[in-house]
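The values are calculated or read from the model by the stated rules, or taken from the named source; none is laboratory data. This one's a predicted model, so the numbers in the text were calculated from it and none came from an experiment. Ideal geometry is used to build each Cβ from the backbone, glycine not excepted, and the neighbour counts take in all protein chains shown. For accessibility, only protein heavy atoms count, side chains too; no ligands or nucleic acids. Shrake-Rupley method; radii C 1.70, N 1.55, O 1.52, S 1.80 Å.
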Amino acid sequence: MVSRIRIPPAQLPTEEPSMSHAAISYQLDGEIATIKMDDGKRNALSPDMFKELNKAIDQAEKDKAIIVLTGRPETFSAGFDLKVLRGGGTAAISMLNAGYSMTARLLSFPRPVIVASSGHTIAMGLFLCQASDYRIGVTGPYKYTANEVAIGLPMPRVAAEVLRQRLTPAQFQRATILAATYTPEEALVAGLLDEVVAADLLLDQARAAAAQFAQLDNRAHAVTKLRIRHESLKTIRRSLPLDLRDALVTGVLGFVRAKKGVSA
């Protein structure tokens, strides 16, 4: 069943200048910053993608803006770039560090963060989605899954903590240990999404939600966010070096069956 929080249409401020860097575009409308990932394929989270995504988040923080993070049609993100993981070495470890660190950054961002998931949301893409404050998906044949165990990768501690804060205990077990795959509607019931809408309504609904959240007291929002996520953020920061050590010791993909077309 499709569920939607009814948010009245909002008058958006006059459009302001935008910027774009390769696969990342940034559009500021008043106090709403729309960051779009689009590499023309599956939005693999590569070192370059993380670099440009961090620049866009830097700009949103400078603009004191609410973030709407979205993807390309039918794909939010299919996870880490497997080509880089297969290559191993410093590039792979740096990419893992960038991804895991970004979960903490989004969880502690001082203004609301909305993910407008435009389609498939897999592995690291799912963890970014869960690190936001409000998550909107679209109807369609799309997958939401943390597929690490399915491809031979033990669930990273950081990823597990991000999922733990959003899922019920039973769904947390399914999502991590059994690598469960959810449709958008199942993801809504499980707690991976807050809302599911038709694809053509996604960005309008995300911006309407942002306009509503703009009415919150900025300081109260930022302080409360850090207060209620204090333990999760502490766990993530403590776990990150352990996850990187595991990758170094095992050789990043030494324990992964590198299947063609599978992202992590």
Checklist entry - Which pairs have Cβ atoms under 7 Å, sit 6 or more apart or on different chains, and link a residue in region 30-53 that is under 28 Å from residue 212 (Cβ atoms) and part of a loop (DSSP other than H, G, I, E, B) to one that is open to solvent by less than 10 Å² (accessible area, probe 1.4 Å) and of a type in the set (Asp, Glu)? => result none
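Return yes when residue 128 is open to solvent by 10 Å² or more (accessible area, probe 1.4 Å) and either in contact (Cβ under 8 Å) with a residue 24 or more places away in the chain or closer than 17 Å to residue 81 by Cα (or both) and no when it is not.
Taking the combined requirement at face value, the residue does not satisfy it.
Filter region 202-234 down to the residues that are polar (S, T, N, Q) and surrounded by fewer than 18 Cβ atoms within 10 Å (Cβ to Cβ), then identify the one that is farthest from residue 155 (Cα to Cα).
Among residues in region 202-234 that are polar (S, T, N, Q) and surrounded by fewer than 18 Cβ atoms within 10 Å (Cβ to Cβ), the one farthest from residue 155 (Cα to Cα) is 215.
Residue-by-condition table, conditions (1) buried (at least 17 other Cβ atoms within 10 Å of the Cβ); (2) touching a Lys or Arg at 6+ places or on another chain (Cβ under 7 Å); (3) at pLDDT 80 or above:
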{"residue": "3", "(1), (2), (3)": "no, no, no"}
{"residue": "20", "(1), (2), (3)": "no, no, no"}
{"residue": "28", "(1), (2), (3)": "yes, no, yes"}
{"residue": "50", "(1), (2), (3)": "yes, no, yes"}
{"residue": "54", "(1), (2), (3)": "no, no, yes"}
Next on the checklist: Suppose the filter is of a type outside the set (A, V, I, L, M) and within 18 Å of residue 209 (Cα to Cα); does residue 137 pass it?
Outcome noted: yes
Checklist entry - So, in region 77-95, of the ones that are under 29 Å from residue 199 (Cβ atoms) and part of a helix (DSSP H, G or I), which residue ends up least open to solvent (accessible area, probe 1.4 Å)? => result 82
Next on the checklist: Is it the case, given these coordinates, that residue 141 is open to solvent by 10 Å² or more (accessible area, probe 1.4 Å), at pLDDT 95 or above and not polar (S, T, N, Q)?
Outcome noted: yes
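Give the number of residues within region 54-72 that are touching a residue at least 12 places away in the same chain (Cβ under 8 Å) and either out of contact with any Asp or Glu (no Cβ under 9 Å at 6 or more places or on another chain) or of a type in the set (Val, Ile, Thr) (or both). I'd like the intermediate steps shown before the answer.
Residues of region 54-72 that are touching a residue at least 12 places away in the same chain (Cβ under 8 Å), as a first pass: 54-57, 59-61, 63-72.
Add one more test, that the residue is either out of contact with any Asp or Glu (no Cβ under 9 Å at 6 or more places or on another chain) or of a type in the set (Val, Ile, Thr) (or both), and what stays is 54-57, 59-61, 66-70.
The qualifying residues number 12.
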Checklist entry - How many residues does region 96-111 contain that are part of a loop (DSSP other than H, G, I, E, B) and either under 22 Å from residue 246 (Cβ atoms) or open to solvent by less than 10 Å² (accessible area, probe 1.4 Å) (or both)? => result 1
Next on the checklist: Among the residues in region 103-118, are any at pLDDT 95 or above, over 21 Å from residue 34 (Cβ atoms) and polar (S, T, N, Q)?
Outcome noted: no
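Tell me, please, whether a residue that is over 19 Å from residue 239 (Cα atoms) and under 16 Å from the mean Cα position of the chain (by Cα) can be found in region 154-172. Full working, then the answer.
Kept after step one, since they are over 19 Å from residue 239 (Cα atoms), are these residues of region 154-172: 167-171.
Pick out the ones that are also under 16 Å from the mean Cα position of the chain (by Cα) and you get 167.
Yes, region 154-172 contains a residue that is over 19 Å from residue 239 (Cα atoms) and under 16 Å from the mean Cα position of the chain (by Cα).
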